[in-house]
Amino acid sequence: MAEHNHEHEHHHHEMPQKSRIEEALSKYNLEISDEEVREAVKKIIAEKVHENDNLETKKFLMGSVELTTLKTTDSDESVMAFTERVNQFDEQYPDLPHVATICVYPRFAKIVSETLEVDGVEIACVSGSFPSSQALIEVKTIETGLAVKDGATEIDMVLSVGAFLSGDYETVIDEIQQMKEACGDKKMKVILETGCLKTAANIKTASILSMYAGADYIKTSTGKLEPAATPEAAYVMCQAIKEYYDETGIQIGFKPAGGLNSVMDALIYYTIVKEVLGEKWLTNQWFRMGTSRLANMLLSEVIGEETKFF
């Protein structure tokens, strides 16, 4: 009997098993302060952005745009016309890169895939009860499966922000994994909604969890809440992508979205990616920008006259 008690006591003093999630997170530096992030971003903007303020970079950025329409008023007709502009752009400006992606609600995936004539333009759908992500997981996965069946080549889902903020990382990971399964072989972006996550440490943690669970890209925001993308959030996410790549060898893409209002904004995000992640990420496969208004601004600067093409 004494022996049994001794055993029991011994067991009691053992370290508790780390959960697989804690195990995964423990490999990354999550002790980052908002202040150090602000300073690092300020330095990059002051010292590096001007080097990239040139025609070549602006042309490249045009090819990284995810042309997005996510309006309550979208209709079959408006989305078809929207897609036609991408076809016409290719004819009118054969020497310029076409946009990377057309991004729409799942109900329009079929219209876009039937109308789009330009090779190499992806069809992204926001799915899983965008922008709140507050639906049952069964509903989210069905919506995703239907979007893919109708021609979506990429899926943009929103992290379960409420679950994340309550510390329920199991649910967060489980939902991302189930959504990834519903995507089949199509690429999936996880939108962190960084404006709701508030701190650099939260953004870093959410980035790591999303990549760990199967995200192919991490994306800042839905564009439906303020603040949307910020250079600070982008910096933290790129740091996370870099550490994850160093740890696993898996390259994950990055997409700022929402609140990209000027060519200077685009240049700042480009510069952050270049400084933190390096040249390997500077292709329109790994770096995307979710925006509509920016396409016209970039085009105007590239051709040297004000134009509203899109």
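The values are calculated or read from the model by the stated rules, or taken from the named source; none is laboratory data. Because the structure is predicted, anything quoted here is derived from the model rather than measured. Neighbour counts run over all protein chains shown; Cβ positions are idealised from the backbone, glycine included. Side chains are part of the model used for accessible areas, which takes the heavy atoms of the whole protein and leaves out ligands, DNA and RNA. Shrake-Rupley method; radii C 1.70, N 1.55, O 1.52, S 1.80 Å.
Some points to look at:
Quick grid of which residues meet (1) in a helix (DSSP H, G or I); (2) open to solvent by 60 Å² or more (accessible area, probe 1.4 Å):
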{"residue": "Thr73", "(1), (2)": "no, yes"}
{"residue": "Val79", "(1), (2)": "yes, no"}
{"residue": "Phe82", "(1), (2)": "yes, no"}
{"residue": "Glu91", "(1), (2)": "yes, yes"}
{"residue": "Leu96", "(1), (2)": "no, no"}
{"residue": "Phe108", "(1), (2)": "yes, no"}
{"residue": "Ile123", "(1), (2)": "no, no"}
{"residue": "Gly145", "(1), (2)": "yes, no"}
{"residue": "Asp156", "(1), (2)": "no, no"}
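- Screening the candidates Ile252, Ile208, Ile303 for the property of being open to solvent by 30 Å² or more (accessible area, probe 1.4 Å) and over 26 Å from Ala46 (Cα atoms) yields one hit, Ile303.
- Identity of the residue in region 238-248, touching a residue at least 60 places away in the same chain (Cβ under 8 Å) and charged (D, E, K, R), that ends up farthest from Val126 (Cα to Cα): Glu247
- Filter result for His13 (modelled with pLDDT under 95 and either under 23 Å from the mean Cα position of the chain (by Cα) or open to solvent by 30 Å² or more (accessible area, probe 1.4 Å) (or both)): yes
- Residue count for region 186-203, restricted to those that are farther than 11 Å from Asp34 by Cα and not β-branched (Val, Ile, Thr): 9.
- Candidates in region 280-309 are the residues that are part of a loop (DSSP other than H, G, I, E, B) and among the hydrophobic types (A, V, I, L, M, F, W, C); of these, the one that is nearest to the chain's Cα centre (by Cα) is Trp286.
- Selection within region 70-105 - small (Gly, Ala, Ser) and touching a residue at least 12 places away in the same chain (Cβ under 8 Å): Ala100
- Enumeration of residues in region 234-269 that are closer than 17 Å to Ser64 by Cα and in a helix (DSSP H, G or I): Ala234, Cys238, Val263, Met264, Asp265, Ala266, Leu267, Ile268, Tyr269
- Counted residues, region 183-200 - those being open to solvent by less than 30 Å² (accessible area, probe 1.4 Å) and not acidic (Asp, Glu): 10
- Listed by first and then second residue, the pairs with beta-carbon distance under 9 Å, at least 6 apart or on different chains, first residue in region 212-237 and without any contact (Cβ under 8 Å) to a residue 24 or more places away in the chain and at negative phi, second surrounded by fewer than 22 Cβ atoms within 10 Å (Cβ to Cβ) and not in a strand (DSSP E or B), form an empty list.
- Sole exception among (1) outside any loop (DSSP other than H, G, I, E, B); (2) among the hydroxyl-bearing types (Ser, Thr, Tyr); (3) open to solvent by less than 10 Å² (accessible area, probe 1.4 Å); (4) closer than 27 Å to Gly278 by Cα for Ser221, by number: (1)
- Taken over region 37-50, residues that are in contact (Cβ under 8 Å) with a residue 24 or more places away in the chain and assigned to a helix (DSSP H, G or I) amount to 7.
- Residue in region 253-271 that is within 29 Å of Ser19 (Cβ to Cβ) and not β-branched (Val, Ile, Thr) present: yes
- Qualifying positions in region 190-202 - over 21 Å from Ser127 (Cα atoms), part of a helix (DSSP H, G or I) and not small (Gly, Ala, Ser): Asn202
- When Lys274, Lys280 are checked against the criterion of being closer than 25 Å to Ala46 by Cα, of a type in the set (D, E, K, R) and either in contact with a His (Cβ under 9 Å, 6 or more places away or on another chain) or open to solvent by 60 Å² or more (accessible area, probe 1.4 Å) (or both), a single residue qualifies: Lys280.
- Evaluating Leu67 against the criteria (1) touching a strand residue (DSSP E or B) at 6+ places or on another chain (Cβ under 9 Å); (2) free of Cβ contacts under 8 Å to residues at least 40 places away in the same chain; (3) within 18 Å of Asn296 (Cα to Cα) leaves one unmet condition, (2).
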